[in-house]
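For reference, the structure is listed below as structure tokens.
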Amino acid sequence: MSYDKIEVPDSGQKIEVEDEENDEISVPDEPIIPIIHGDGIGTDVGPAAQRVLNAAAQATGREISWMRAYAGESARERYGEDVNLPDETVEAVREHRVAIKGPLTTPVGAGFRSLNVALRQTLDLFANVRPTYYLDGVPSPMKAPGEMNMVTFRENTEDVYAGIEWEHDTDEVEQVREFVEDEMGFDETMHDGPIGIGLKPISEKGSKRLVRRAIDYALEHDREKVTLVHKGNIMKFTEGQFGTWGMEVANEEYPDDEVFAAPDSLWEEQDEVDIPEDAVVIEERLADAMLQWMQLRTDEFDVLAMPNLNGDYLSDAAGAQIGGLGIAPGGNFGKARMLAEPVHGSAPKRAGQNMANPTALILSGRLMFDYLDWDEAADLLRDAVEETISAGKVTYDLERQLDDAEKLGTREYADEIIGNIEKLS
Ligand code: NAD
């Protein structure tokens, strides 16, 4: 494919698919990786993270051939005022299989739809994965933040985020109201007067592939438990069915001695349930209770699999326990493809001031290295970031919560991490 505004690097090779169904790729030592720096603080953290990722790759005998691609503000500047997500950006990410992006701004209430959601849907990146682990030295509101070592799998393509909704006072919303009230019989459920209506689709396909991905991850990474988190007591045919389909995957697709679908009673009667030794346990929890248990019994959770909205809330809350948005990494996964991105947004107030914390984007790069099977580079990144933070060298967001820390700008903090990469390798 030829690109117009995107510069294709002179060297490097493409990541190829080995087995799409089983999520296998083949990675050259100098892969071409598209990068979108992003809006707002993306202009600070994007270039900083890129330098740190280069250093970790080079220290372990690899090289990344970056391909700068544009979305949001940077796309409007190059392609025209109406172009937020150029086709060639989507194509670059699609063609090269693995990419990384900073945050993109989404206007609230009006304007264009979320570019993040558009990218996830267009490329069918169905699982949003957020590893939530504690780094020494990071300020946390918890008494024992080190107990958190969880990975959340959030369904990424459906639920109320599918974007099927109708605005108040439109013909469309009145048609939907009429259908729901007159034809489906919910005639006393909705209030009279202006109303907005949205749909919450949760499918067997979307639920099962997400839970399957979470279980496979747990098996591959020696995790003990996968918790399916939903509000099935209230939303029985969507959230509840997510749990039922998830349990079907556990029961029907894996041998019992590898994956054990726990009965509801497991929570209270652990001792009375006969769990095969070494099997990954699959259990269900209600989302509201889960927000409480995650804080009170942090060390009991391991891998979580959730529909989209629960996943959004719970993964942010989990991130807060280990230091918040400046730290929390993430990635979106499809079949033999991945797009790494931090949890945080574009924080416009801090943009362009060399202030923002690039850790979340750097650790999203770590998740990308994991996916490339660059284990040594991934570990080096984590160790170098931890070394930097535990030496009290941090950006403003952490500095203001710590005694005796040294406040560094985004660039200077990245320099420190690069220094530690060189020291540790
Ligand atoms: P935000 O994450 O951008 O910022 C919330 C606050 O967190 C900021 O004011 C800042 O104090 C702090 N913060 C966030 N990231 C930080 C970092 N790296 N270093 C230091 N401090 C940091 O959330 P918001 O204000 O709700 O959203 C702003 C914009 O970002 C919106 O347009 C929203 O739609 C978008 N957004 C994009 C993504 C994405 O691209 N994946 C995710 C969330 C929000």
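The values are calculated or read from the model by the stated rules, or taken from the named source; none is laboratory data. Treat the numbers as computed from the prediction; the structure is a model and nothing was measured. Backbone-built Cβ (ideal geometry, glycine too); neighbour counts: all protein chains shown. The accessibility values were calculated without ligands, DNA or RNA, using every heavy atom of the protein model including side chains. Shrake-Rupley method; radii C 1.70, N 1.55, O 1.52, S 1.80 Å.
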Among 92-104, 28-40, what's the highest-first ranking by average C-beta atoms within 10 angstrom per residue?
92-104, 28-40
Using each residue's phi in region 395-404, evaluate 6.51 cos²θ - 1.76 cosθ + 1.60 at θ = phi - 60° and report the 3J(HN,Hα) Karplus result to the nearest Hz, with x for Gly and Pro.
7, 4, 5, 8, 4, 6, 9, 10, 8, 6
What is the sum of charges around Y70, taking Lys and Arg as +1, Asp and Glu as -1, for the other residues whose C-beta is under 10 Å from the C-beta of Y70?
+1
Express the carbon and sulfur contribution to the solvent-accessible surface of the chain as a percent, rounded to the nearest whole number, probe 1.4 angstrom.
44 percent
Gyration tensor over alpha-carbon atoms, the chain, equivalent ellipsoid semi-axes in Å
34, 28, 22
Of M290, Q401, T227, whose Cα points farthest to the positive end of the dipole of the chain (charges on the beta-carbon: +1 Lys, Arg; -1 Asp, Glu; origin at the Cα centre)?
Q401
Could you calculate the contour length gain from E376 to T244, that is, 0.36 nm times the residue separation minus the distance between their Cα atoms, to one decimal place in nm?
43.7 nm
Residue-ordered couplings for region 324-329, obtained by feeding phi - 60° into the Karplus form 6.51 cos²θ - 1.76 cosθ + 1.60 and rounding to whole Hz (Gly and Pro as x), are x, 5, x, 9, 6, x
Are any of the pairs K143/K423; K101/K205; K208/K231; K101/K393; K101/K349; K349/K423 more than 23 Å apart by Cα-Cα distance, and if so, which?
K143/K423; K101/K205; K101/K393; K349/K423
Hey, for a label at R400 modelled as a point 7 Å past Cα toward Cβ, could you say which residues of region 34-73 have their backbone N under 20 Å away?
40-45
Which GluC sites (Glu not before Pro) does region 215-266 hold that lie in a coil by DSSP with at most 15 other beta carbons within 10 Å?
E224, E258
MRE, 222 nm, helices only [DSSP H, n ≥ 4, -39500 (n - 2.57), over the chain, to nearest 500]
-11000 deg cm²/dmol
Using each residue's phi in region 16-27, evaluate 6.51 cos²θ - 1.76 cosθ + 1.60 at θ = phi - 60° and report the 3J(HN,Hα) Karplus result to the nearest Hz, with x for Gly and Pro.
10, 8, 9, 8, 4, 4, 9, 6, 10, 10, 10, 10
Relative to the present Cα-Cα distance, how much length would full extension add between D19 and E224 at 0.36 nm per residue of separation?
71.1 nm
What FRET efficiency would be calculated for the residue pair R51, L291, taking the C-beta separation as r and a Förster radius of 41 Å, to the nearest 0.05?
0.65
Hey, if we sort R382, R209, R51 by accessible area with the 1.4 Å probe, largest down, what's the order?
R51, R382, R209
Rounded to the nearest 0.05, what FRET efficiency is calculated for R411 and D182 with R0 set to 60 Å and r the Cβ-Cβ distance?
0.45
Could you calculate the FRET efficiency of M190 with A317 from 1/(1 + (r/R0)^6), where r is the beta carbon distance between them and R0 is 41 Å, rounded to 0.05?
0.85
Extension reserve of the I275-S2 stretch, reckoned as 0.36 nm per residue once the Cα distance is removed:
92.8 nm
Taking the Cα centre of region 88-166 as origin, sum charge times position over the Cβ atoms of Lys and Arg (+1) and Asp and Glu (-1), and report the length of that vector in debye to the nearest 20.
180 debye
Sequence gap at least 6, Cα distance under 8 Å: using those rules, report the relative contact order of the chain to the nearest whole percent.
22 percent
Protection proxy ranking of 191-202, 131-142 - average other beta-carbon atoms within 10 Å, highest first:
131-142, 191-202
